[in-house]
Amino acid sequence: MTYEIENYELLRHATEEFCGFLSDANVPTERIFDSRLVVYELLGNVLKHSNGKASLRYTITDGFVEVKILASVPYEPPKCPKCADVYAESGRGIFLVDSICHERVLTEDGVLIVRIKIE
């Protein structure tokens, strides 16, 4: 399934559909929660930092939830994020994404791919 994300309302709708897909595929609740966090964080960052749109595609492959995000305006999250200070208001998102995901890759053509192990 592919979704075009242009605003936060479309982000919310796409994420609900994504989680429904995972639930229908009998993905454990904990991995659905993790997958929702990853999608919200990455797509929210695209909307916030790149001022562009994004497409969201996802599938379940070889025991992994695989998410692909392509931004209309290139967005590359930090390669080695650090967790923000305890009193900081932001700066933990990519750190959390990386702690959840088995893999996060940015392809040469700008597609951000994350894989979350289902277990």
| task | Tell me what the chain gives for mean residue ellipticity at 222 nm when only DSSP H runs of n ≥ 4 count, each as -39,500 (n - 2.57), the sum divided by the residue total, rounded to 500 deg cm²/dmol. | result | -11500 deg cm²/dmol
| query | Taking the Cβ-Cβ separation of residue 24 and residue 103 as r and a Förster radius of 22 Å, what is the calculated FRET efficiency to the nearest 0.05? | reply | 0.35
| request: Give me the accessible area of residue 13, 1.4 Å probe, in Å² rounded to the nearest 10. | output: 80 Å²
| query | How big is the C-alpha Rg of the chain next to the rule-of-thumb value 2.2 N^0.38 Å, as a ratio? | reply | 1.01
| Which listed residue (70, 14, 93) has the Cα farthest towards the positive end of the charge dipole for the chain, taking +1 on Lys and Arg C-beta and -1 on Asp and Glu C-beta about the Cα centre? | 93
| said: Relative contact order for the chain: what percent, with Cα pairs under 8 Å and sequence separation of 6 or more? | reply: 25 percent
| field | Among 52, 93, 63: highest mean-square fluctuation, GNM of the chain, C-alpha pairs under 10 Å | value | 63
| query | Once you mark the trypsin sites (Lys or Arg not before Pro) that are in a DSSP loop and have at most 12 other Cβ atoms within 10 Å, what is the longest gap between them in the chain? | reply | 1-78
| message | Computing the accessible area with a 1.4 Å probe over protein heavy atoms, can you report the carbon and sulfur percentage for the chain? | response | 51 percent
| request: Enumerate the amide H contacts of residue 102 below 5 Å, restricted to partners 5 or more residues apart or on another chain; note that Pro and chain-start residues carry no placed amide H. | output: 115, 116, 117
| message | If the elastic network links every pair of Cα atoms under 10 Å, which of 21, 95, 33 fluctuates the most in the Gaussian network model of the chain? | response | 33
| message | Expected output is a single nm value to one decimal: the length gained when fully extending between residue 12 and residue 72, i.e. 0.36 nm times separation in residues minus the C-alpha distance. What is it? | response | 19.7 nm
| Residues with beta-carbon under 15 Å from that of residue 30, excluding residue 30: net charge, scoring Lys, Arg +1 and Asp, Glu -1? | +1
| What accessible surface, in Å², does a 1.4 Å probe find on residue 76, ignoring ligands, DNA and RNA and rounding to the nearest 10? | 100 Å²
| Which sequence of 34, 24 reflects their accessible areas, 1.4 Å probe, from the largest down? | 24, 34
| query | What FRET efficiency comes out for the pair residue 4/residue 119, r = Cβ-Cβ distance, R0 = 30 Å, nearest 0.05? | reply | 0.45
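The values are calculated or read from the model by the stated rules, or taken from the named source; none is laboratory data. Just so we're clear, the structure is a prediction, and the values are computed from it rather than from any experiment. Cβ coordinates were reconstructed from backbone atoms using ideal geometry, including for glycine residues, and neighbour counts include every protein chain displayed. Surface areas here come from the heavy atoms of the whole protein model, side chains and all, with no ligands, DNA or RNA. Shrake-Rupley method; radii C 1.70, N 1.55, O 1.52, S 1.80 Å.
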